[in-house]
1. For S150, state whether it is open to solvent by 10 Å² or more (accessible area, probe 1.4 Å) and of a type outside the set (D, E).
2. Those residues that are open to solvent by less than 10 Å² (accessible area, probe 1.4 Å) and more than 26 Å from D493 (Cβ to Cβ), I need them from region 87-101; list them, please.
3. How do the strands (runs of 3 or more DSSP E) wholly within region 183-297 filter down when requiring 1 or more residues that are modelled with pLDDT of 80 or more and among the hydrophobic types (A, V, I, L, M, F, W, C): which remain?
4. For region 399-408, check the following and say yes or no: at least one residue is among the aromatic types (F, W, Y), at pLDDT below 95 and in a loop (DSSP other than H, G, I, E, B).
5. Can you tell me which residue among V361, V321 is in contact with a Ser or Thr (Cβ under 9 Å, 6 or more places away or on another chain), modelled with pLDDT under 85 and either assigned to a strand (DSSP E or B) or under 30 Å from S485 (Cβ atoms) (or both)?
6. Check off (1) in contact with a Ser or Thr (Cβ under 6 Å, 6 or more places away or on another chain); (2) at pLDDT 90 or above; (3) open to solvent by 20 Å² or more (accessible area, probe 1.4 Å) for D80 and give me the number that stays unchecked.
7. Taking the stated definitions as given, is G453 at pLDDT 95 or above, open to solvent by less than 10 Å² (accessible area, probe 1.4 Å) and either of a type in the set (A, V, I, L, M, F, W, C) or touching a strand residue (DSSP E or B) at 6+ places or on another chain (Cβ under 7 Å) (or both)?
8. Looking at region 28-109, what helices (runs of 4 or more DSSP H) fall wholly within it and have at least 2 residues that are without any contact (Cβ under 8 Å) to a residue 60 or more places away in the chain and more than 28 Å from the chain's Cα centre (by Cα)?
Amino acid sequence: MEDRPLKEAIVEEFKGGFALIDEDVLQQILSRLPAKSFAFAACVCSSWTRVCARILSRPNLLSALSLNPNLERAVDEAIDRVLAEPIRPHFAIAFVGKKFSLKSIHCRVTRRLGSGIPIIINKTPGIIGADALTDEFREVKWVKGDTENSYNSARNADRGLVLVVGFVPGLRVRAVPLLNLSSGSSLFSSIDKFVTDIKDFATSVSGCSSPVGIIMFADQWFDTKLVLEKLDYAMSKDTAIVGDDGSCGFLYSNGADSIIMVENEQISSKSEEHASKNLGLLAVGLVFAMEKESSHGEIQFSVALSTGVSPLGPIYKGASVRVVNRNNNPDCSTWLTARREGSIEEIGGIRIIQDIDHEVVDDVFTDDLYIGVVRRRKCSIGPEKAKWISSIAFTEVQGRMREYKLADEEHLFVKGDGIKTGDQFQFYQPDPDSALSSRNRVLEDFKALKLDGCSKHEMFKSGCGNRDTEVFGGLIFSCFGRGESFFGHPNVDSSALTDNFPGLPIGGMFCFGEIGRSAVAVRGTPVNCFFHVYSTVYLLMLYKPRKP
């Protein structure tokens, strides 16, 4: 009932001569309406419906950040800002502080946006976006002991969110879960089903088994390397894959008839079949598939990577490799000895560390140390014939460098079980100078894209095929170790986008593991890499209008 006066006002304005306005002028007026008023305006008459349809013929991404420590007010501030422009939501992602309730946020978001769209809510140690009240762009990390920033006070820490809402005409969006089937099935079977579900959804929508893009969120205790390898194996190279590998907790919903799960605990379900299986949620992928014979233009996803580690010392090969406390334990580790490249001598942990000790940069604030393992593995989906694939995966070395507890006389200790006998590896250390140089290259790449394509607000002619291109939104997944404490300046990573595309809607988060399908150089040769450390992954959303 409360909306009736607004509807009546619009109709009365129309009767009073508003219908005589030129359609181009009308489009400028209607495009500035809030989402709810815009929806009413589209129902006034056929000409207004036509103009509104023209406005919604192009994709849109809207984003807003709120640091209000009150959950309800934070959600409302973000949604009010997002719905201040015309949009018909096709999906929503919320990056939220760890002290906010996932279920409460989900209820409030669905109440405002509706329950018929895919929604993912992901807990994070930091958020990135433009403030809903001030439009100030911020990179916010919730860090214990930080007394300089008010958002790290006892009252405000881990409270806040970034809401991203997207409208992507010509694409179909669905959240596809990776479920740990507890009925005797192996994890490999669960992963194969996850990849097959994505392929089946994309095929049903577009006739092609590879979607335009996948945004992944995975439980922090789940090793996603095998999943990412299989996705890379199964998907076209044009499929963009980004996301968060170390979620502190996440929830997804897929519309009114889908299950909703959080941190391996089912909240509610419309499906008795799923409810009876005691399923565990390991990861979820937000999948974007292109519709067949769409009358809209083409939406593309583009991934860029700013690396943040530098190699140390020689190349090694794993000699004796032993996994300790495996049994599907996320805290398992690998004890190993190695041989230097070109040598037959097997050396233990202390000697390996001594090889790189003189190269370690002492003024880097962190003790983190990693090995980059070049993995060559057989890969297949289901019963098909396996093929060899190669990639590099980063694994953290256990212990602290300055305390010299990374090894003993016999073994080097690394986390997880991602290395095998014969695998090549090299040490890597976080390096702010290398990270800044890499970020500068990304900034220059975006500048070139801006000159060849277009931003959200200004059109530029593309140098490729004489077609216009619009960058209509972006997402950022940045390592929690980066940010102002790493670079010495605020907003370094996000400025690669904000400097080139002022006003572009951007949302993002700080991660404990960044997913980004890309390649990194290993001794000058590009090698596929999906899981990164001390890096920032950028996802650009681009639109090429359909030719008349």
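The values are calculated or read from the model by the stated rules, or taken from the named source; none is laboratory data. Everything quoted here is computed from the prediction, not taken from an experiment. All Cβ positions, glycine included, derive from the backbone under ideal geometry; neighbour counts span all protein chains shown. Heads up: the accessible areas ignore ligands, DNA and RNA and are worked out on the full protein's heavy atoms, side chains in. Shrake-Rupley method; radii C 1.70, N 1.55, O 1.52, S 1.80 Å.
1. When the stated conditions are applied, S150 passes them.
2. none
3. Working: elements: 213-219, 240-247, 250-254, 260-262, 265-268, 280-290.
Those strands (runs of 3 or more DSSP E) span 213-219, 240-247, 250-254, 280-290.
4. yes
5. Every option except V361 fails the conditions.
6. Unmet condition: (1).
7. Details: at pLDDT 95 or above: no; open to solvent by less than 10 Å² (accessible area, probe 1.4 Å): yes; either of a type in the set (A, V, I, L, M, F, W, C) or touching a strand residue (DSSP E or B) at 6+ places or on another chain (Cβ under 7 Å) (or both): yes.
So G453 does not fit the description; no.
8. Ranges flagged: 35-41, 46-55.
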